[in-house]
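Structure first, commentary second.
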Amino acid sequence: LTVGIVMVGHYAIYTYIAPFLVDRIGVAESLFSVVLFGYGIAGAAGLVLAGTVFGRRPSAGLVVALAGSALFVTIVSLSAGNIVVAIVAVMLWGVAFGMIPPLMQTRVLEVASSRIRDTAAAFYTTAFNIGIGGGALVGAWLLEVGGLGALPPTQIVLTAVSVVIVVLVGRR
């Protein structure tokens with residue numbers, strides 16, 4: 001459930017990142033591919049960070065990554081006209097999001113009973129993929145109803161819900 005919620009929130013905005021950054025924030029079209037490439041490199045750095053710093057503390061790392069993702073999307077969405085702030089926030093969002101998939105998978109395997117770990121891993125992958133498609137669908141609907149400005153709050157709220165779920169499951 002948490003994986004699906006996170007992915008819907010993320011892909012609701014990330015699917016439409018080009019029009020969001022170019023039309024709403026003001027990133028030049030000629031610079032967009034460089035920003036996206038930087039986001040990808042930042043995501044790889046987040047993956048390394050997840051394994052080296054948070055490998056032994058996946059729940060703490062997951063809360064940091066989810067909160068960071070919501071925070072940096074918030075900063076990006078408020079940085080219209082300030083391209084430097086927007087690009088830095090996009091890179092930090094990339095680092096945060098790069099941490100989420102490995103930490104979430106680790107967390108799923110930790111909370112699953114040893115008898116159903118294979119099934120839990122399959123559900124993780126399924127929820128991830130449903131979330132990608134569901135996020136694109138939700139984002140398309142939001143774009144129609146509320147425009148580009150409706151995308152960031154969706155990611156922020158769904159990511160915050162995910163943080164609450166991760167914390168509650170961790171306490172259980």
- Name the pairs: first residue in the range 98-110 and free of Cβ contacts under 8 Å to residues at least 24 places away in the same chain and hydrophobic (A, V, I, L, M, F, W, C), second residue assigned to a helix (DSSP H, G or I) and open to solvent by 40 Å² or more (accessible area, probe 1.4 Å), Cβ to Cβ under 7 Å, at least 6 apart or on different chains? 109/117
- Message: For the range 89-114: of the residues being more than 16 Å from the chain's Cα centre (by Cα) and open to solvent by 40 Å² or more (accessible area, probe 1.4 Å), which is farthest from residue 59 (Cα to Cα)?
- Response: 114
- Scan (1) farther than 29 Å from residue 28 by Cα; (2) part of a helix (DSSP H, G or I); (3) open to solvent by less than 50 Å² (accessible area, probe 1.4 Å) for the single condition residue 54 breaks and write down its number. (2)
- Scan (1) more than 23 Å from residue 171 (Cα to Cα); (2) without any contact (Cβ under 8 Å) to a residue 24 or more places away in the chain; (3) among the small types (Gly, Ala, Ser) for the single condition residue 60 breaks and write down its number. (1)
- Checklist (1) within 25 Å of residue 34 (Cα to Cα); (2) open to solvent by 10 Å² or more (accessible area, probe 1.4 Å) applied to residue 124, failing item: (1)
- Only one of these conditions is not met by residue 105: (1) modelled with pLDDT of 95 or more; (2) within 24 Å of residue 47 (Cα to Cα). Which number is it? (1)
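The values are calculated or read from the model by the stated rules, or taken from the named source; none is laboratory data. The shown structure was predicted, so the numbers you read here are calculated from the model rather than taken from an experiment. Note that each Cβ is placed from the backbone with ideal geometry, even for glycine, and that neighbours are counted across all protein chains shown. These area figures cover heavy atoms from the full protein model, side chains too; ligands, DNA and RNA do not enter into them. Shrake-Rupley method; radii C 1.70, N 1.55, O 1.52, S 1.80 Å.
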